[in-house]
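Have a look at the structure below, then the notes.
The values are calculated or read from the model by the stated rules, or taken from the named source; none is laboratory data. Note that the structure is a prediction, hence the values are computed from the model and not measured. Heads up, the Cβs are rebuilt from the backbone with ideal geometry, glycines too, and the neighbour counts pull from every protein chain shown. Heads up: the accessible areas ignore ligands, DNA and RNA and are worked out on the full protein's heavy atoms, side chains in. Shrake-Rupley method; radii C 1.70, N 1.55, O 1.52, S 1.80 Å.
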Amino acid sequence: MDTTAFVWLIVLPLVASPVIYLVGRLAVRSSRLISQNHAAHGAGVLALGITWIPFVLSARELSASGPVTYTVGMVSLRLDGLSLLLSAMALALGTLVTLYSGPYLAYENGQEKYYAMLSAMVGAMIGLACAADLFNLWIWFETMAVSSYLLVAFYREERASLEAGVKYLVQSAAGSVMVLLGIALVLAQTGTVNLGEVQKAVATGSATRALWAAGALFIIGFGVKTALVPLHTWLPDAHAQAPSGISAMLSGIVIEAGLVAMLRPLVALSVPSLAVRIPWGTLLMGLGALNMLVGNLLALQQTQVKRLLAFSSISHVGYMLVGIGIGLHAGQVAGVQGGFFHLLNHGLMKGLAFLAAGALLYALHLSHKQVKGEVETRPLTLSDLSGAAQRYPLTALALSVAVLGLGGLPPLAGFMSKWQIFVAGFATHNVLIGLLVVFAALNSVLSLAYYVPLVNAVYRQQPSEAVLQGQPLSMVMQVPLVLLVLGVVAIGVWPSLVDWLTGPAGLTVLAALER
């Protein structure tokens, strides 16, 4: 089996990262800041654009021949359905964010670092998705984390940005230590870190208590990045203070990458033949219910748009956990597929929401900051959005589609993935799971209490002072918004469009459980 395209899919963004930085630094000799920024921005867009070629080739290879495995020494990489899903999301959102960031950061210094780290983060997430052993899973996870730390603190002159970056760093580092302890425990009990070999060792062993401890460490360690309650406290500050493109990446794909990283070892440790089977599915459903409720209640209190969107991500992680938990508990592919379907849709919708909010933040506040030379960036509030549709109709529409989709209104993508999770839950004919589905549906209704005011604000007749003084938006910044709006609407109307991604991902998890 030819693995060339698969290898290039991971290598290209990583190799491009230092090249992007060098291109940007060489352009510094130019006397114009705009010329410097165009060089780094163009190199970033080109690098991720070229990476789509090996992605398409790898997807075809996977469809034709099944999972692709590549091993060099102790490094084992495997492209399967779940890898393809996360890789597609990382590459799609990464490409759109890179394109969007050109005008958004046009007058900022250090853009060569921004685009280099963004490319590295995309490559690290693809590598994480394909990791087939625990230690290399941790290496990719840390690579993704380090690049995201630097991007969160991109506005290093701002005290709030640095504080958010340090909080994110400290909590993520603590989680990484937990993951390392879990890996050490699994290695001590099974003698291997290869996920396939771990599962075989678990099936023939009896170290149930040790496996419970290892699984708990993985949930805590990876759960920090996934924003599991109560490990979520870094998230609102990081998402609010980062550049809006990075907020979209953090909420749209980084927390999802943490969830995938958590699932890999949990699936390997969940073997049906064990005398005392570890109920990871039940635990995930419980954590999902907690995330839904806490995320919604915290979001209800927010007046800053980016913090509101950040807290809502906590709630949406809950839907993913519930769907996947139902599938693991009942051995049902529809539940796992529904969880991954919502993972995909949330990436698109939350990416769109943050990019649309970021465009309004740029037009109403950042553009004035650049002209006046202010140090601190004023946050975008609900009151600032009043009447925004009158001057920024396309951006207002994009924000409305995003938040209404997140709220689960048909015929948008968010409704379809939530519906699939609910149907899968009722199909188990389990009373408690049925009650959990009702609880999830009520939480979806509750979320409209903070999504609808956003839509109401942008379509008010009386524009706010910020809107009246706002600057025009670049067309380049609006192209990603249009593409994401089309994606959210198209998937809502024709959910089968993404079956080639969500179906194999669900089957990958269930097949691993049955091995």
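Remark on Asn194: its backbone amide H falls under 5 Å from those of Leu134, a criterion applied only to residues 5 or more positions apart or on other chains, H modelled at 1.01 Å from N.
Residues Trp494, Trp138, Trp234, Trp8, ordered by accessible area of protein heavy atoms at a 1.4 angstrom probe radius and largest first, appear as Trp494, Trp8, Trp138, Trp234.
Computed over the alpha-carbon pairs of the stretch 375-497, the distance histogram in 10 Å steps reads 12, 32, 30, 16, 7, 1 percent, short to long. The calculated FRET efficiency for Leu442 paired with Thr282, based on their beta-carbon distance and R0 = 30 Å, is about 0.90.
Using the rule -39500 (n - 2.57) for each DSSP H run of four or more residues, divided by the residues of the chain, the 222 nm mean residue ellipticity is -25500 deg cm²/dmol. Overall, the anisotropy analysis places the stretch 148-305 in the prolate class: the square-rooted eigenvalues a ≥ b ≥ c of its C-alpha gyration tensor yield a/c not less than 1.5, with a/b exceeding b/c. Compared with the direct C-alpha span, the chain from Leu394 to Val15 gains 132.8 nm at full extension, assuming 0.36 nm per residue.
Axis of helix 33-65 versus longest Cα principal axis of the chain: the two differ by about 30°, to the nearest ten degrees. Applying 1/(1 + (r/R0)^6) with r as the Cβ-Cβ distance of Glu465 and Leu46 and R0 = 41 angstrom yields a FRET efficiency of 0.50. Taking all protein chains together and rolling a 1.4 Å probe, Tyr155 ends up with roughly 10 Å² accessible. With the simple model of a label 7 Å out from the Cα in the direction of the Cβ, Val493 to Leu300 spans 3.5 nm.
For the chain, the solvent-accessible area of protein heavy atoms averages 36 Å² per residue (probe radius 1.4 Å; ligands and nucleic acids excluded). Kindly express, to the nearest 10 degrees and within the range 0 to 90, the angle between helix 413-427's C-alpha long axis and the longest C-alpha principal axis of the chain. Orientation of helix 413-427: about 20 degrees from the principal axis.
The distance between label points at Leu181 and Arg209 comes to 1.7 nm (points 7 Å beyond Cα on the Cα→Cβ vector).
Surface composition of the stretch 353-486: carbon and sulfur make up 70 percent of the accessible area, probe 1.4 Å.
Taking the accessible area of the stretch 3-153, probe 1.4 Å, and keeping the other protein chains in place, the carbon and sulfur fraction comes to 68%. Our analysis of the chain gives Rg over Rh at 0.96, with the two radii drawn from alpha carbon positions and Rh computed by the Kirkwood formula. Assuming a ≥ b ≥ c are the square roots of the Cα gyration tensor eigenvalues, decide whether the stretch 119-207 counts as rounded (a/c under 1.5), prolate (otherwise, with a/b larger than b/c) or oblate. It is oblate, given that a/c is not under 1.5 and a/b is not larger than b/c. The shape of the stretch 437-507 comes out oblate: with a ≥ b ≥ c from the C-alpha gyration tensor, a/c is at least 1.5 while a/b does not beat b/c. Once the C-beta distance of Glu197 and Ala449 is scaled by a Förster radius of 56 Å, the resulting FRET efficiency is 0.70 to the nearest 0.05.
Rounded to the nearest 10 degrees, the inclination of helix 333-361 to the longest alpha-carbon principal axis of the chain is 20 degrees.
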